[in-house]
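Only one structure is covered here, and it is reproduced in the block below.
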Amino acid sequence: MGNITGGRLTALAATVATVIAGSSGVATAVVLTQWDPPRAVLVAGAVLAGIAAVVAGVVAWRVRDRALLAVAVSVLAYALSSAVPGVAITVLVVVAQGALLAFGVMVARGALGARRVLGWVVAVAAAGWFVTLLALSTIPLTELPQAALDVAVSLPYLLQAVAYLAAAVLVVTPLFRPVRAGVARLWDTAEVR
């Protein structure tokens, strides 16, 4: 019973971490459209994501789950990037992107069906997040019209949101196993079919 509960708690921690990291991407893209969430909310989200990532990472390290460890490292690096100054931000964001890409590839290579598709969604979105963020910092965007500039600046953060939220769907699975078992039990005992 403890192992099942531990697996569910780990899945919950990983889900919380990835959802907060994905929400951060949405919040950043929305900030660029002039809505400014309070700084305290962003800091609290980063702290909560970091703590959840550490919990998931420690468990993943102990059970040698490389995919879960990769997503935990990604979220932890991203959460820490909001607390450090200067070049360390860039380094931590690149680590987060690389670890998320590795997570997506590991899941895609080891799964079938919808999990495989979601793994590739994570991998492609993480790679797109890296490329578009790199392009933003290296390509001058001064000649773009305002509408295109808004899209170009928001795109990396929307890709970040897609990558982390798809990762959340992948790590939430153990939380729904009891529901699936309950539905199967109800179906097996149903009088009307």
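The values are calculated or read from the model by the stated rules, or taken from the named source; none is laboratory data. These figures come from a predicted structure and were not determined experimentally. Ideal geometry is used to build each Cβ from the backbone, glycine not excepted, and the neighbour counts take in all protein chains shown. Just so you know, the surface numbers come from the protein's heavy atoms only, side chains and all, with ligands and any DNA or RNA stripped out. Shrake-Rupley method; radii C 1.70, N 1.55, O 1.52, S 1.80 Å.
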Gly25, sole failed condition from (1) open to solvent by less than 20 Å² (accessible area, probe 1.4 Å); (2) within 28 Å of Ser137 (Cβ to Cβ); (3) at pLDDT 85 or above: (3)
query: When only residues in the range 109-122 that are under 14 Å from the mean Cα position of the chain (by Cα) and touching a residue at least 40 places away in the same chain (Cβ under 8 Å) count, which is nearest to Gly98 (Cα to Cα)?
result: Val122
- request: Would you be able to say whether some residue in the range 97-110 is surrounded by fewer than 14 Cβ atoms within 10 Å (Cβ to Cβ), in a helix (DSSP H, G or I), of a type outside the set (Phe, Trp, Tyr) and at pLDDT 90 or above?
  value: yes
message: Looking for something at pLDDT 90 or above and either out of contact with any Leu (no Cβ under 7 Å at 6 or more places or on another chain) or within 18 Å of Gln160 (Cα to Cα) (or both) - is there at least one such residue anywhere in the range 30-49?
response: no
field: Residues satisfying the stated conditions in the range 137-193, i.e. surrounded by 13 or more Cβ atoms within 10 Å (Cβ to Cβ), assigned to a loop (DSSP other than H, G, I, E, B) and either in contact (Cβ under 8 Å) with a residue 60 or more places away in the chain or of a type in the set (Lys, Arg) (or both)
entry: Val172
message: I need every pair where a residue in the range 44-64 that is under 16 Å from Ala96 (Cβ atoms) has its Cβ under 6 Å from the Cβ of a residue that is part of a helix (DSSP H, G or I) and among the polar types (S, T, N, Q), sequence separation at least 6 or different chains.
response: Ala56/Thr10
task: Of the conditions (1) modelled with pLDDT under 90; (2) assigned to a helix (DSSP H, G or I); (3) open to solvent by less than 50 Å² (accessible area, probe 1.4 Å), Leu80 clears all except one; give me its number.
output: (3)
message: Looking at (1) in contact with a Gly (Cβ under 9 Å, 6 or more places away or on another chain); (2) over 18 Å from Val16 (Cβ atoms), which one does Leu136 not meet, given that it meets all the others?
response: (1)
